[in-house]
1. Determine, yes or no, whether A313 is in contact with a helix residue (DSSP H, G or I) (Cβ under 6 Å, 6 or more places away or on another chain), of a type outside the set (S, T, Y) and part of a loop (DSSP other than H, G, I, E, B).
2. Any residue in segment 177-191 that is within 20 Å of W145 (Cα to Cα) sitting within a Cβ distance under 8 Å of a residue that is of a type in the set (F, W, Y) and surrounded by 13 or more Cβ atoms within 10 Å (Cβ to Cβ)? List the pairs, counting only those 6 or more apart or interchain.
3. Determine whether segment 477-484 contains at least one residue that is farther than 30 Å from I571 by Cα, in a helix (DSSP H, G or I) and among the β-branched types (V, I, T).
4. Right, L353: touching a residue at least 24 places away in the same chain (Cβ under 8 Å) and over 22 Å from the mean Cα position of the chain (by Cα) or not?
5. In segment 255-278, what residues are among the small types (G, A, S) and more than 14 Å from the chain's Cα centre (by Cα)?
6. E119 versus (1) of a type in the set (D, E, K, R); (2) touching a residue at least 60 places away in the same chain (Cβ under 8 Å); (3) part of a loop (DSSP other than H, G, I, E, B): which is the lone unmet condition?
7. Using the structure shown, decide if Y395 is in contact with a helix residue (DSSP H, G or I) (Cβ under 8 Å, 6 or more places away or on another chain), touching a residue at least 24 places away in the same chain (Cβ under 8 Å) and surrounded by 22 or more Cβ atoms within 10 Å (Cβ to Cβ).
8. If I filter segment 75-85 for residues that are over 24 Å from N511 (Cβ atoms), of a type in the set (D, E) and outside any loop (DSSP other than H, G, I, E, B), do I get at least one hit?
Amino acid sequence: MDSAPVVQALMQRFGADRFHFQNTLTGMPVLWIAREDLLEVMRFLRQGEHAFEMLFDLHAVDERLRGNRQGLPEADFTVFYFLTDLSRGRDLMLKVALAESDLRLPSLTPVWPSANWYEREVFDMFGIEFQGHPRLVRILMPPTWKGHPLRKDYPARATEFDPYSMTMEGQDKEQEALRFVPEEWGMKRGTDDQDYMFLNFGPNHPAAHGAFRIVLQLDGEELIDCVPDIGYHHRGAEKMAERQSWHSYIPYTDRIDYTGGVMNNLPYVLAVEKLAGIQVPDRAATIRVMMAEMFRINSHLLFLGTYYQDVGAMSPVFFTFTDRQKAYEVIEAITGFRMHPAWYRIGGVAHDLPKGWDRLVKNFLDWMPKRLNEYQRVMQDNAVFRDRTRDIAAYDTKEALEWGVTGPNLRATGFDFDARKQRPYSGYENFDFEVPLGTHGDIFDRGLMRIEEMRQSLRIIEQCLKHMPAGDFKADHPLTTPPPREKMKEHIETLITHFLQVSWGPVLKPNESFQMIEATKGLNSYYLTSDGSTVSYRTRIRTPSYPHLQHIPVLMRGGFVPDLIAHIASIDFVMADVDR
């Protein structure tokens, strides 16, 4: 990794002594740099021959309790910056070490506009300040919150807090803190001729698609500006990972994007398997692909029904939910659960495919194509629908990459990137399917992308049905698979191993790993840090919906309220995916 062209370019430009190389299992170069060099290095990586297209992620780690830091720079806290170049298949991670007594960094918002929300989240979760940030305030926690939840000295369980109580005075204080003050966001209350109206859209509006609030600055129905407000759904999933075993954390991943089911298990278990050095059998990998694509269809159907509804078509949602029930029949028969199966395991899946699974899958494959044709007709043959969505809230590839937009919303601009093709995982390289692309990057194309993607998912599932490999559904690996019961009854050593694996969980060697997948709503990734324990030292979840919502104000200034409703529908997000 230290011989990668971009690393060589950096060392040639700035000098090798200004970088410290870290060996990891992330699959990318990881370089530590000094705080003083951050802006200069980032500007170098933003333009020219070695430019990166996207600031994919930005977050932090509290290093103070980490025991295995041999060879790494001294740090109480670390801020990491993950850059990706989707066109050329390159990734790079930069890290900056900070002392607890001096938690300051220059803001990257002048270099990467998408850094805005990420820096606010690091400030919120760790208390690290970003100098030059346009408005460094909390983003997930209430403005009155005390402490920084992802610090190691912050409690991880409710039982570690004092009993909660709220006085009337405290309630009034919390309510006042939620009041929107336009001047604090650089907004004017009006012009010389008229006052603007400020309207709360959400957090309890059905078209907000969850507990999501946007404060609208309106001149009639024209949007002068808007401010998204998130955090109402915050569950602390990254904090929970620090107290759950590697295995027992799997059900938590289901709830990140609660429409994606086992799709959310996949990047997590793949990242853990890298840490453990586990090779998954072909049958297990193929089963994973089949069920992930079932949930992609299931999620896209939910999107499609609500998308039509928000644009004004009232009946399609009933049809898409009928189709989702067909998908759930297959999912429930195979996994035993519907919405949150938590069915993938480290090393494979929970159990083998049941008898008759192939008949159920075949029935679903026969059912769906004609339904997709009808959904496409609703879009293409309805003049009102076309007028409401064509050339509305459109953006090009350059803007999408600047703001961290991925998945169908990126491909709607014509950009050909699908991680299943360009960065295959779990055996996707063995499947024949196409990557649908749009041309306008508007609301219409974003809807059409999902219909075409469902057709390709059906192709993948059909190949799984016809070519399901024989063999085991999980790896025979001591870190994740208990010994056979017969041996456990005969040998005390295997009984001890079984007891430890079930009650304690696997202990993974100190290292860091990373896995990116093409999830239902875009690129989802898990960045795991092991400190040689039964739990993760740090779990960072990068979700697609987070940057997608940050992009809303840029698109909607000068638009109209009905356009905002249609655009929100076309994004396809859930707030658990945003807030984690």
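What follows draws every value from the coordinates through simple rules; no lab data is involved. Worth saying up front: this structure is predicted, and the values here are computed from it rather than measured. Cβ sites come from the backbone with ideal geometry, for glycine too, and all protein chains shown count toward neighbours.
1. Taking the combined requirement at face value, the residue does not satisfy it.
2. Hits for this filter: F180/F198.
3. Step one: filter segment 477-484 for residues farther than 30 Å from I571 by Cα, giving 477-484.
Next, from what is left, pick out any that are in a helix (DSSP H, G or I): none.
No, segment 477-484 contains no residue that is farther than 30 Å from I571 by Cα, in a helix (DSSP H, G or I) and among the β-branched types (V, I, T).
4. Working: touching a residue at least 24 places away in the same chain (Cβ under 8 Å): yes; over 22 Å from the mean Cα position of the chain (by Cα): yes.
Taking the combined requirement at face value, the residue satisfies it.
5. A271, A276, G277
6. (3)
7. Considered against the rule, which asks whether it is in contact with a helix residue (DSSP H, G or I) (Cβ under 8 Å, 6 or more places away or on another chain), touching a residue at least 24 places away in the same chain (Cβ under 8 Å) and surrounded by 22 or more Cβ atoms within 10 Å (Cβ to Cβ), Y395 comes out as no.
8. Taking segment 75-85 and keeping what is over 24 Å from N511 (Cβ atoms), we get 85.
Checking the rest, the ones that are also of a type in the set (D, E) come to 85.
Still in the running and outside any loop (DSSP other than H, G, I, E, B): 85.
Within segment 75-85, one or more residues are over 24 Å from N511 (Cβ atoms), of a type in the set (D, E) and outside any loop (DSSP other than H, G, I, E, B).
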